[in-house]
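Just so it is clear, none of the values below were taken in a lab; they were calculated from the coordinates. Here the structure is a predicted model, which means the values were calculated and not measured. As a convention, Cβ positions derive from the backbone with ideal geometry for all residues, glycine included, and neighbour counts pool all protein chains shown.
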Amino acid sequence: MKHAKRLQSLTLGASLLAAAIPSQAVVDSPGGPAVRQMNFQPPVTQIAEQIYDLHILMLIICLVIFVAVFGVMFYSILKHRKSLGHKASTFHESTTVEIAWTVVPFLIVIGMALPATKTVVAMKDTSNADLTIKVTGMQWKWGYDYLKGEGEGISFLSNLATPREQVTDASIKKNDNYLLEVDNPVVVPVNKKVRIVTTANDVIHSWTVPAFGVKQDAIPGFVRDTWFRAEKIGTYRGQCVELCGKDHAFMPIVVNVVSEADYKTWVDGKKKEMAAKADDPNKTWTIDELKQRGEKVYTANCAVCHQANGKGVPGAFPPLDGDPVVNGPRAQQIHVVLNGKNAMPAWKTVLNDTEIAAVITYTRNSWSNKAQENIVQPAEVLAGRK
Ligand SMILES: [Cu+2]
């Protein structure tokens, strides 16, 4: 009686609680899990497809065994029951049965292990990758470094993008990709073999994208690798799947698979973004720092025309050695280098403020040049852009 009452108040409490939380229309997460998803996510790599097929195959084998075993069992129980007058057999040790129940399961295991091993071996073959990305697990975000292939040198951190209020405040409507969205997704080209090298900074994490059939632990002090070749353009989502601390649920993975052309555009943009970040135009440099950096910029960009010795090519490219613009007021040279002049290309979209300041400072102090205004800071170039 007492129990029944307590149960009643419990259910009442639960329904009140349910009523207090506004009902939210939950929708599929594109590239992630779907509402009431029963099966695996649609595979977009051959490995994921093989895993999917293996899963179905083994499910069918299990089902057949289940039906066969329980069929025989229930048939025996019903047909051979005592009330029908059935007498139990009293035989001991049947060699035939013993051989059968050893050989048949053995064959079943072999039948399952063979295709599974083939897939596991293929999963481990990270050779001949087009692109290598190092993934570093951290409490609680992912770091990505493009080590080899197009985009080499790109590196960024990827953080959860879902606002925290959605986690802590049940009354706020949740995003469609709630807890499966990041500020900086990984971008990879379609149909290219991408090798993922995993490691971690603090504790063990695991990098997982179900649609790729990829799951690899990221272990501090160790390097592990895996790979995928995504065959369909799209956005795919995963999560850290190794319990790694209090924000384990808040370090999702987002991979954008794009066309080769889009990948090139992304690489260019990312490189520019990184260069811009690395060179704060408001930083003040010493003249030696600028000259040193400027020499590199000059060799890479200007020497083809103006020559390494600054003498130019008579009739085609003017010498910068002894040039009045290079030895005159800074503003004019900044203007020429930024905007170009006749056959002289404009550099404002190619070089950043620091690079332009450096190369100008370099030319003003090289060869026989001894400009009065001998140093240009990035801030002046930035101002010259306006
Ligand atoms: Cu983790």
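Summary table below
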| quantity | calculated |
| --- | --- |
| Separation in nanometres of the label points that stand 7 Å from Cα toward Cβ, at Ala34 and Asn201 | 3.7 |
| Segment 284-348 - percent relative contact order, Cα under 8 Å, separation 6 or more | 13 |
| Rg/Rh ratio calculated on Cα atoms of segment 72-230 (Kirkwood radius) | 1.29 |
| Of all DSSP beta bridges in the chain, antiparallel share, percent nearest 5 | 75 |
| Gyration tensor verdict on segment 229-269 (Cα atoms; rounded if a/c is under 1.5, prolate if a/b is larger than b/c, oblate otherwise) | prolate |
| Distance in nm between pseudo-label sites at Asn175 and Thr284 (7 Å out along the Cβ direction from Cα) | 4.1 |
| Compactness of the chain as Cα Rg over 2.2 N^0.38 Å, two decimals | 1.58 |
| Options Gly213, Val186, His248, ranked by Cα towards positive dipole end of segment 167-248, top entry (Cβ charges) | Gly213 |
| Beta bridges per DSSP with both ends in segment 89-247, % antiparallel, nearest 5 | 75 |
| Segments 48-54, 263-269 sorted - mean Cβ within 10 Å per residue, highest first | 48-54, 263-269 |
| Selected from Thr349, Leu63, Gln307, residue furthest toward positive end of dipole (the chain; charges at beta carbon) | Leu63 |
| Descending Cα extents along the principal axes, segment 181-221, whole Å | 32, 23, 16 |
| Charge dipole magnitude, Cβ of K and R +1, D and E -1 - segment 140-235, Cα centre, debye nearest 20 | 320 |
| In degrees, nearest ten, helix 46-79 long axis to first principal axis of the chain (Cα) | 10 |
| Amide H contacts under 5 Å for Val376, placed H, 5+ residues apart | Thr361 |
| Rh (Kirkwood; distinct C-alpha pairs) - segment 257-386, Å | 15.3 |
| Contact order relative to length of the chain, as percent, for alpha carbon pairs under 8 angstrom and 6 or more apart | 13 |
| Spatial separation of Cα centroids for segment 269-333 and segment 135-189, in angstrom | 38 |
| Convex hull volume per residue in cubic angstrom - Cα atoms of segment 185-335 | 208 |
| Calculated [θ] (222 nm, deg cm²/dmol) that DSSP helices of n ≥ 4 give over the chain, each run adding -39,500 (n - 2.57) | -13500 deg cm²/dmol |
| Burial order of peptide ranges 180-186, 301-307, 125-131, 59-65 (average beta-carbon count within 10 Å, highest first) | 180-186, 301-307, 125-131, 59-65 |
| Environment charge at Pro115 (Cβ cut-off 13 Å; Lys +1, Arg +1, Asp -1, Glu -1) | -1 |
| The chain - charge dipole about Cα centre, Lys and Arg +1 at Cβ, Asp and Glu -1, debye rounded to 20 | 1100 |
